[in-house]
Amino acid sequence: MTNDNVFETIVGSGARSAVSRRSVIGGIAAAGALAAVPTGVFGRQDETGADGDLEIVADFEPPAMPENLAIDSAGTTYLSMGPSGEIRAVDADGNESTFATIETGEEGLLLGITVLGGDLYAANGSGEPETHGVWRVAADSEPERIAELPADETTPNGIIPDPTDSDALLVSDHLGGAIWRVTTDGEAEQWVTDGSLEPDMSAETPVGADGLAVHPDGDVYVDNLNAGSIIRVPVEDGDAGDPETVVQDEGLVGADGMTFDEEGSLYVAVNAQNEIARVTPDHEIETVVAGEGLDFPADVHFGTTEETATSLYIANFAYGTFLQDETAAEPSLARTDVGVRGHFPDADGDGGTATETESTDE
């Protein structure tokens with residue numbers, strides 16, 4: 001799907017009439033309905049094209065549309081199928097199975113997922129008090145909600161292990177403009193709130209704080225989907241400092257899931273641009289891959305095995321296409337080799353990564 005088609009899908013009258021406000025704000029960017037967005041704080045480089053070939057690892061059929069992905073230490077990829085609430089597992093040999101299903105209600109979406117301590121955790125934006133919040137899926141166990149968040153005031157979106165605490169997670173709230181800290185025993189509190197994390201409430205779909213990632217220096221980064229910005233949250237002794245916007249660019253409007261490589265470059269799934277962008281340590285923006293083979297990409301994650309250590313996996317959500325023409329949607333799991341290994345702040349927390357000197361089971 002071209003960029004023009006993505007924008008038409010997002011703001012077209014047909015899309016507006018086809019879905020409810022809550023359903024839309026769970027997963028897409030109303031880029032065309034935003035107020036004017038400043039050009040880049042540090043400028044945008046010309047598109048550089050793809051670093052490598054884009055390979056489709058697995059194809060799916062709606063309503064199996066992957067909004068987020070996580071990879072465990074065995075190399076199994078888990079994908080949150082937003083509208084259906086299914087968590088699909090794809091093992092290293094390509095075999096697929098349903099790992100769990102979480103109730104999303106009539107209009108909700110299952111969003112971020114991550115691995116922590118061998119269990120899977122998920123951010124469920126159901127919008128219903130009985131199911132809205134953070135869920136845990138332990139092996140051979142039924143999913144359980146560990147933390148309830150205010151259903152009318154929050155939309156939990158991105159989720160990562162807390163880099164300073166092996167028993168906690170950080171969860172972005174794209175409606176409330178905050179990052180929550182949720183412990184594995186169910187305690188939840190706002191870790192940081194700031195105007196830079198808030199959505200544009202005049203946009204067709206207000207989505208603020210979205211993707212989360214941990215820099216090699218330990219600071220937490222979050223993107224604001226509506227604003228097209230990347231925000232650094234300094235971390236000291238587990239506490240959040242004052243957020244700082246380090247990049248803002250109209251080419252990042254639609255910034256969704258993201259991840260760092262070991263050299264400090266940030267990879268961002270820019271769903272509304274149909275592009276995977278890279279923000280270098282010098283805050284320049286490059287295009288890793290765009291266009292063909294991508295369909296509303298919503299998340300990225302590095303491979304966790306020695307064989308896949310430099311592979312960037314991509315969740316093609318295909319939601320924009322689906323709203324316009326269900327038969328044209330091409331949800332999938334894709335990957336491309338970017339030539340550098342991913343950064344994993346905690347091997348236990350995020351599935352780990354293979355090292356150059358020691359191969360792991362990952």
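The values are calculated or read from the model by the stated rules, or taken from the named source; none is laboratory data. Treat the numbers as computed from the prediction; the structure is a model and nothing was measured. So basically every Cβ, Gly included, is an ideal-geometry build from the backbone, and we count neighbours across all protein chains shown. Heavy atoms of the whole protein, side chains included, go into the accessibility calculation; ligands, DNA and RNA do not. Shrake-Rupley method; radii C 1.70, N 1.55, O 1.52, S 1.80 Å.
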The range 323-337, subset of a type in the set (A, V, I, L, M, F, W, C) and out of contact with any Gly (no Cβ under 7 Å at 6 or more places or on another chain), residue nearest to Ala70 (Cα to Cα): Leu333
Extreme residue, farthest from Ala318 (Cα to Cα), among residues of the range 272-287 that are part of a loop (DSSP other than H, G, I, E, B) and in contact (Cβ under 8 Å) with a residue 40 or more places away in the chain: Asp282
Contacts under 8 angstrom Cβ, first residue in the range 305-330 being among the charged types (D, E, K, R), partner outside any loop (DSSP other than H, G, I, E, B) and open to solvent by 50 Å² or more (accessible area, probe 1.4 Å), 6 or more apart: Glu330/Asp59
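Could you run through the range 203-219 and say how many residues are at pLDDT 95 or above and farther than 14 Å from Thr154 by Cα? Can you show your working first?
First, pick out the residues of the range 203-219 that are at pLDDT 95 or above: 206-219.
Next, from what is left, pick out any that are farther than 14 Å from Thr154 by Cα: 211-219.
Number satisfying all stated conditions: 9.
Given Ala290, Ala269, which one is buried (at least 22 other Cβ atoms within 10 Å of the Cβ) and either touching a residue at least 24 places away in the same chain (Cβ under 8 Å) or over 25 Å from Pro345 (Cα atoms) (or both)?
Working: Ala290 fails: buried (at least 22 other Cβ atoms within 10 Å of the Cβ).
So the residue among Ala290, Ala269 that is buried (at least 22 other Cβ atoms within 10 Å of the Cβ) and either touching a residue at least 24 places away in the same chain (Cβ under 8 Å) or over 25 Å from Pro345 (Cα atoms) (or both) is Ala269.
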The listed residue being under 22 Å from Met258 (Cα atoms) and out of contact with any Pro (no Cβ under 8 Å at 6 or more places or on another chain), out of Gly127, Gly105, Gly133, Gly85: Gly85
